[in-house]
Amino acid sequence: MVTASIIDVDGVNLGLLLLRLVIGTTMIAHGSNHIWGGGRIAGTAGWFTSLGLRPGILHAWLASVTELGAGALLILGLLNPLAAAGVVGTMTVALITNHFKNGFFIFRPGEGYEYVLNLIVAGLALGAMGPGEWSLDDAAGIELVGWTGLAITALAGIGGALVLLAVFWRPQRTQTATS
């Protein structure tokens, strides 16, 4: 029986850095695409309106700026629980408003929820684990990790998403035929 484990601290820091870089870059790309890609911010606003998020232009900007900011903060390892909450919050809204009804797999019509669920869980994990020693949080002595980091990430991310949805989400109701 092994009573003590050896932790490769550099390996953990490398893993956290890779996770922060990939998720941060993904969020920056996602936010950038909302603003400058395809239909630009107006197209994103129209899509958000069609999902029931009103006013669509407000939510297009909120989501885009949150994704850009959260991505940059994750890459830097700065204010990690709030950065992770930005990922969790935007992806929770996406999960509820668009993806959940389409089933698990992303390749299903309408896009399922596997992608956003993975980002939500990765954001929660980063909130709990912290950014590691190779981060600006560590350099600044910010130690919001473990249950505290997870609580901040979950409350700000999921809680913020649920408040936003309660106030602004008004999906169209489908009418059913009555006999």
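The values are calculated or read from the model by the stated rules, or taken from the named source; none is laboratory data. Small disclaimer: the values here were computed from a predicted structure and weren't measured. Heads up, the Cβs are rebuilt from the backbone with ideal geometry, glycines too, and the neighbour counts pull from every protein chain shown.
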_Looking at segment 63-79, can you tell me whether even one residue there is out of contact with any strand residue (DSSP E or B) (no Cβ under 9 Å at 6 or more places or on another chain), surrounded by 17 or more Cβ atoms within 10 Å (Cβ to Cβ) and farther than 20 Å from THR25 by Cβ?_
no
_If I ask for residues that are of a type in the set (Asp, Glu), closer than 16 Å to LEU21 by Cβ and surrounded by fewer than 18 Cβ atoms within 10 Å (Cβ to Cβ), which ones from segment 103-137 would you list?_
GLU133
*Any chance segment 34-42 includes a residue that's in contact with a Phe, Trp or Tyr (Cβ under 9 Å, 6 or more places away or on another chain) and on the phi > 0 side of the Ramachandran plot?*
no
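So which of LEU76, LEU68, LEU14 ends up being farther than 22 Å from TYR115 by Cβ, modelled with pLDDT of 95 or more and under 17 Å from the mean Cα position of the chain (by Cα)?
Among LEU76, LEU68, LEU14, only LEU76 is farther than 22 Å from TYR115 by Cβ, modelled with pLDDT of 95 or more and under 17 Å from the mean Cα position of the chain (by Cα).
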*Which members of segment 60-108 meet the condition of being in contact with a His (Cβ under 9 Å, 6 or more places away or on another chain) and assigned to a loop (DSSP other than H, G, I, E, B)?*
ILE106
*Pick out the one residue from THR44, THR25 that is closer than 23 Å to ASP138 by Cα, in contact (Cβ under 8 Å) with a residue 12 or more places away in the chain and among the β-branched types (Val, Ile, Thr).*
THR25
*asked:* Show the residue pairs meeting these rules: Cβ distance below 8 Å; 6+ apart or different chains; first residue within segment 49-66 and of a type in the set (Val, Ile, Thr); second residue outside any helix (DSSP H, G or I) and surrounded by fewer than 20 Cβ atoms within 10 Å (Cβ to Cβ).
replied: THR49/PRO55
*asked:* Tell me whether segment 4-26 contains one or more residues that are outside any helix (DSSP H, G or I), β-branched (Val, Ile, Thr) and either in contact with a strand residue (DSSP E or B) (Cβ under 7 Å, 6 or more places away or on another chain) or over 17 Å from GLY157 (Cα atoms) (or both).
replied: yes
*Can you tell me which residue among HIS30, HIS34, HIS59 is of a type outside the set (S, T, N, Q) and either in contact with a strand residue (DSSP E or B) (Cβ under 8 Å, 6 or more places away or on another chain) or under 27 Å from ALA140 (Cα atoms) (or both)?*
HIS59
*asked:* So, LEU17, is that one within 22 Å of ASP138 (Cα to Cα), surrounded by fewer than 19 Cβ atoms within 10 Å (Cβ to Cβ) and in contact (Cβ under 8 Å) with a residue 24 or more places away in the chain or not?
replied: yes
*Hand me the list of helices (runs of 4 or more DSSP H) wholly inside segment 109-176 holding 1 or more residues that are touching a Phe, Trp or Tyr at 6+ places or on another chain (Cβ under 6 Å).*
114-129
*Failed item, numbered, when GLY52 is tested on (1) among the small types (Gly, Ala, Ser); (2) more than 30 Å from GLY132 (Cβ to Cβ); (3) surrounded by 16 or more Cβ atoms within 10 Å (Cβ to Cβ); (4) out of contact with any strand residue (DSSP E or B) (no Cβ under 7 Å at 6 or more places or on another chain)*: (4)
